[in-house]
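To start, the structure itself, in structure tokens.
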Amino acid sequence: MLSSAEKLKQLENVASPAYSFQYLLLVSGGDYAFLKEIATLYLDAMLHYVDDCRQIAADKDLNALKQQTHKIATSFNCLGMDYLQPCFDQIKHTSHWDQETANSLHMLIATVQDNVPLVRKDLE
């Protein structure tokens with residue numbers, strides 16, 4: 001089993017275009033347990049977002065989508081997924097449920113489904 005210092009070094013070297021631990025490495029101050037705890041909270045929140053958004057999409061409830069997306073944006077950004085900012089902007093600024101909004105939501109959901117298992121594996 002790797003020591004905390006070895007695990008931190010390993011996370012520094014994660015070279016994925018889909019996510020990054022750089023921000024969490026910075027704010028954790030080298031405390032692996034803290035980094036893992038924060039990352040796990042973000043990942044769990046992202047999974048809840050996906051669950052909530054499936055019903056929101058079925059209802060086409062734009063206000064609920066905007067609220068939930070605003071709350072979850074930090075989780076994505078802190079895990080280096082700031083490339084999704086156009087999706088957040090689309091949802092934030094739209095005045096009606098349209099195809100671009102649906103596409104943005106689908107992109108966020110797909111990113112969670114694809115990346116959460118990978119991030120969890122890197123944290124092991």
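The numbers here are math on the coordinates, done by the rules we state, and not lab data. Only a predicted model underlies this, so the values are computations on that prediction, with no experimental measurement involved. Because the Cβ atoms are built from the backbone with ideal geometry, glycine has one as well, and the counts that use them run over all protein chains shown.
Take a quick pass over the chain and tell me how many lysine pairs come in under 13 angstrom between Cα atoms, counting only ones 8 or more apart or on separate chains.
Going through the chain pair by pair, I get 5.
Taking a spot 7 Å from the Cα of Tyr23 along the direction of its beta carbon, which residues of region 69-105 have an amide N less than 12 Å from it?
72-85
What does the highest-first list of 110-122, 69-81 look like by mean Cβ count within 10 Å?
Answer by packing, highest mean first, reads 69-81, 110-122.
Suppose we look only past 22 Å in the calculated P(r) of the chain. What percent of the Cα-Cα pairs does that tail hold?
For the chain, the share of Cα pairs beyond 22 Å comes to 36 percent.
Which angle from 0 to 90°, rounded to the nearest 10, does the C-alpha axis of helix 99-123 make with the longest principal axis of the chain?
Helix 99-123 sits at roughly 20 degrees to that axis.
Could you tell me the calculated FRET efficiency between Lys60 and Asp82, based on Cβ-Cβ distance and R0 = 22 angstrom, to the nearest 0.05?
Given R0 = 22 Å and the Cβ-Cβ separation, E is 0.20.
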